[in-house]
Every structure is written in structure tokens, then in C-alpha cells.
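Derivation of every value follows stated rules applied to the coordinates shown; laboratory data play no part. Please read all numbers here as calculations on a predicted model, not as lab measurements. FYI the Cβ positions are ideal-geometry reconstructions off the backbone, even for glycines, and counts take in every protein chain you see.
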Amino acid sequence: MSEAEAPSPFSGEKAPASPRADLVTAAVLFVLGVAIVAHAFQMPRFVAQSGTGLTAPGIVPGFHGSMIALLSVLLGVRALRRGGLAARGPVAQGGGDGRRLALAAVLGVTYAGVLVGRAPFWLASALFVFAFTTAFEWNEDPSRRARRVAEAAAIGLGTGLAVMLVFEKLFLLRLP
């Protein structure tokens, strides 16, 4: 049995994306990764002020961009092996995937564009994690909804406090 015909390992869950969708995603992520690396190389290196290559501000985004590009190549190779270029009819769209993506985008923009800077960072992070977790767990088993909301509140509060402590005590950075 080939990999394309193998039963899904997600017993009871949504099946993985089609090879064609993986191939398109790999192409988009590769372009994004290469663009990040290109912009990282354009950042100042501060060598004139006796800085070394390891202190250049573009080193971390460059690393992340190269990892995105590398992993997108691996995703593309896997998609090609699974028949990503085979001519097929239209691929059935996942129900609700667009809405979930839009919800994640709205929550992320609300966090970064509204909460950060207007509320203490730990509180903004806690509210974001709480809202994100609650939103994506809301329709799972309505009989346990109250417990899931309480768990989301605990996770959000724990995350907010952990972020504050790590940045302020470990990295010695004051958060907004």
C-alpha cells in the first residue's frame, strides 16, 4: 500500500491536507522564508562599531527564515512523493477552515494591535491565550464547556505570568 493510499493516522480526526495543498503551502512558505533571509541580510551589522557577526540584529530572523525555507522544501518533497503534481479534479475544501484562520488572525491582530501597549504585557498575553484557547475549544463537547473555559483561564493566567517572569527575571527586560 502506498503512502497516498495509507489509512489516516488521525483516527476520528480530520485527514491531513491533500498533496496539492501541501505543495502550494510549501511554495508560499519557501518564498516567505527566502524573503525573510533576504531582509535579514539587509539589516545593519554594526561592524563599524566593533560589533561581530554574531551581534548583528538580522541573525535570528535570518535563522528563522532559513528554517522556514528548509522545512518548506521538505514539505514540498513529501507532497511531490504523494502525487502533488498529479492532475486531479477540484479538491474538497475543509469545512470551517477559512473561518478558523480568520478567527486566529482577528485574535492575533487584536492582541498585537490593541492589547499590547494598552494593557500590561502579562495581562495582554493572558487575555490572548484565554481568548484563543476558549474560541478554539468552544464547540468541543458542550457538556464540558465550563471546565474548558476554567482551564483556558488557568492556562492564560499561567502563560501571562510565565512570560513576564522569564523576560523580567531571566532576560532582565522590562515589558511594556
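Relative contact order of region 97-170, taken over Cα pairs closer than 8 Å and 6 or more residues apart, is 36 percent. Estimate the FRET efficiency between A104 and L74 by the formula 1/(1 + (r/R0)^6), using the beta-carbon distance for r and 30 Å for R0, to the nearest 0.05. Result of the calculation: an efficiency of 0.80. Across all directions, the average projected area of the convex hull around the alpha carbons of region 127-176 is 3.5 nm². Test of understanding: extend the Cα→C-beta vector of A154 to 7 Å, then name every residue of region 105-132 with backbone N under 16 Å from that spot. In region 105-132, the label zone of A154 (backbone N under 16 Å from the point 7 Å along Cα→Cβ) covers 130. Pairwise inverse Cα distances across region 97-170, averaged and inverted, put the Kirkwood hydrodynamic radius at 13.0 Å. The residues packed around A79, meaning those with a beta-carbon under 10 Å from its beta-carbon, carry a net charge of +3 if Lys and Arg are +1 and Asp and Glu are -1.
Full extension of the chain between A21 and R118 yields a length gain of 31.0 nm, computed as 0.36 nm times the residue separation minus the alpha carbon distance. Projecting the Cα positions of T134, A162, A152 onto the charge dipole of region 133-176 (unit charges on Cβ atoms of Lys, Arg, Asp and Glu, taken about the Cα centre) puts A162 furthest along the positive direction.
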